[in-house]
Amino acid sequence: MDRLLTNIHQLAGVRAESKLLRGKELADLEIINNAFVHIRDGRIAGYGEMSSIGRFEHEDTETIDAKGATVLPCWCDSHTHLVFAASREEEFVDKLKGISYAEIAAKGGGILNSARRLNDTPEDLLFEQAWNRLQELMKLGTGAIEIKSGYGLSVEGELKMLRVIRRLKEKAPIPVKASFLGAHAFPTEYKEDRQGYIDLIIHNMIPALTAENLADYIDVFCETGFFSAAETETICRAGMKAGLKVKIHANQLSLSGGVQTGVKLGAVSVDHLETMDDAAIGSLAGSDTIGTLLPTAAFFLRMPLQPARQLIDAGSAVALASDYNPGSSPSGNMNLVVSMSCIQMRMLPAEAINAATINGAYAMELGDELGSITIGKKANLILTKPVPSLAYLPYAFGSNLVDRVMINGDFI
Ligand code: NIG
Ligand code: FE
């Protein structure tokens, strides 16, 4: 089936050749004014200025008038914890009263609270809740997503979460990637026996999930009070042996060594990066690992935002993601992530859009499939309400400017 999307005010993110963007390249966002896109079998088959549309018009082509919408590739959200059993707004109120994230975690709140709730919730209900969240995110323009386990913290709980993610993968029209985050926190019963839990991850969880082929990545929360850099490396190496690639929760609350550990292991990405020094920035910039910034998590925890400018100026490949989870980022709205990156981290609109689209796609190893207007890529597209220019999208924060979303060439 051929489709022509016509009368596009600005077609943004056009790229003849797809590649991961680093440093200055992040500011290159090609735009075609007054454009069209030709879609065949759910993929981008051509594009150009309206004046050159003639050769694409055939009798059996369906024409869709974009009516002056701006069109850009869907957001590629490469870091979420979309599967969870319950919200945690009571902890939010505690935090407003002055109790810190670390104190809440130490009292058995935080991740352990979510783990208790998750273990008590049937798989079908978890699936239904996560499915509803995913529908909401797709309407906000998310066209590919990574989802982590890590609220099970038991063999059965982790497998249950990963099975939910597999069901989302099977049912969703957008690509879904799964990360195993058994090393998200030490469960209470292993508080005095850290090695016992690490052994459980390595000898029980990893073999069980690889037997069912449930994960694409292994992730570890490398943080003071959670997993040390050495423990992170041991766990990641066990995952790598089982064929999983590495992602790390790095340098969120402290200089945990997570960035350097990720770089050493050839991680696909190191994520968070609120707390960075010159050594961590230099290590990331000199590597092929993507630095994924999660500004809404820093915002929600009232932490200084990630040093995006320093990372980009040092030449890093930076991506943006939502970190959607009930504890530190109860929003998966990538439009807000992009706005906040510009407003608070001084990313240019072009840099933020690239980081949330093409670099996000590469952070899920989907760079050949998504993230730009490139021939052969999936037609996962955002059509905005009429906006004067692209910079209006991050500028007008809080307005929902996503009018329609196309996934595989069909409107959802
Ligand atoms: O990415 N930092 C570790 N994990 C999550 C938060 C998890 C939670 O609080 O439930 C994050 O921010
Ligand atoms: Fe996270």
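Only the coordinates and a few stated rules stand behind these numbers; no lab work does. All of these numbers come straight from a predicted model, not from anything done at the bench. When we count neighbours, we look across all protein chains shown, and the Cβ atoms used for this are built from the backbone with ideal geometry, even at glycine.
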Taking the radius of gyration and the Kirkwood hydrodynamic radius from Cα positions alone, what is the Rg/Rh ratio for segment 205-310, to two decimal places? 0.99
Short version: ³J(HN,Hα) in whole Hz for each residue of segment 29-46, in order, from phi by Karplus 6.51 cos²θ - 1.76 cosθ + 1.60 (θ = phi - 60°), x for Gly and Pro, what are they? 10, 6, 10, 10, 7, 6, 10, 9, 10, 9, 10, 10, 6, x, 10, 6, 10, x
Could you tell me how many degrees, from 0 to 90 and to the nearest 10, lie between the Cα long axis of helix 155-171 and the main elongation axis, the longest principal axis, of the Cα atoms of the chain? 10
With all pairs of different alpha carbon atoms counted, what Kirkwood hydrodynamic radius in Å does segment 76-362 show? 18.5
Counting all C-alpha pairs of segment 304-389, share separated by more than 20 Å (%): 39
Let me see the pair-distance distribution of segment 240-375: every alpha carbon pair, 5 Å bin width, integer percents in order. 2, 11, 21, 25, 21, 13, 5, 1, 0
What is the extension gain from GLU136 to GLU89, computed as 0.36 nm multiplied by their sequence separation minus the C-alpha to C-alpha distance, in nm to one decimal? 15.0 nm
From the phi of every residue in segment 240-254, what ³J(HN,Hα) in whole Hz does the Karplus formula 6.51 cos²θ - 1.76 cosθ + 1.60 yield, where θ is phi - 60° and glycine or proline is x? 4, 4, 8, x, 8, 8, 9, 9, 9, 7, 10, 6, 7, 9, 8
Between GLU25 and ALA211, 0.36 nm times their residue separation minus their Cα-Cα distance comes to what? 62.9 nm
For segment 76-362, what's the relative contact order in percent, using C-alpha pairs closer than 8 Å and at least 6 residues apart? 17
How high is the FRET efficiency from ASP60 to ASN400, r the C-beta distance, R0 45 Å, rounded to 0.05? 0.85
Pull out a ≥ b ≥ c, the square roots of the eigenvalues of the alpha-carbon gyration tensor of segment 75-167, then state rounded if a/c is under 1.5, prolate if not and a/b is larger than b/c, and oblate in the remaining case. oblate
Can you give the net charge of the other residues whose Cβ lies under 12 Å from the Cβ of GLN135, counting K and R as +1 and D and E as -1? +1
Run the helix sum for the chain: -39,500 (n - 2.57) per DSSP H stretch of 4+ residues, divided by residue count, reported at 222 nm to the nearest 500 deg cm²/dmol. -9500 deg cm²/dmol
Would you mind calculating the gained length between TYR190 and ASP120 on full extension (0.36 nm times residue separation, minus the Cα-Cα distance), in nm to one decimal? 23.3 nm
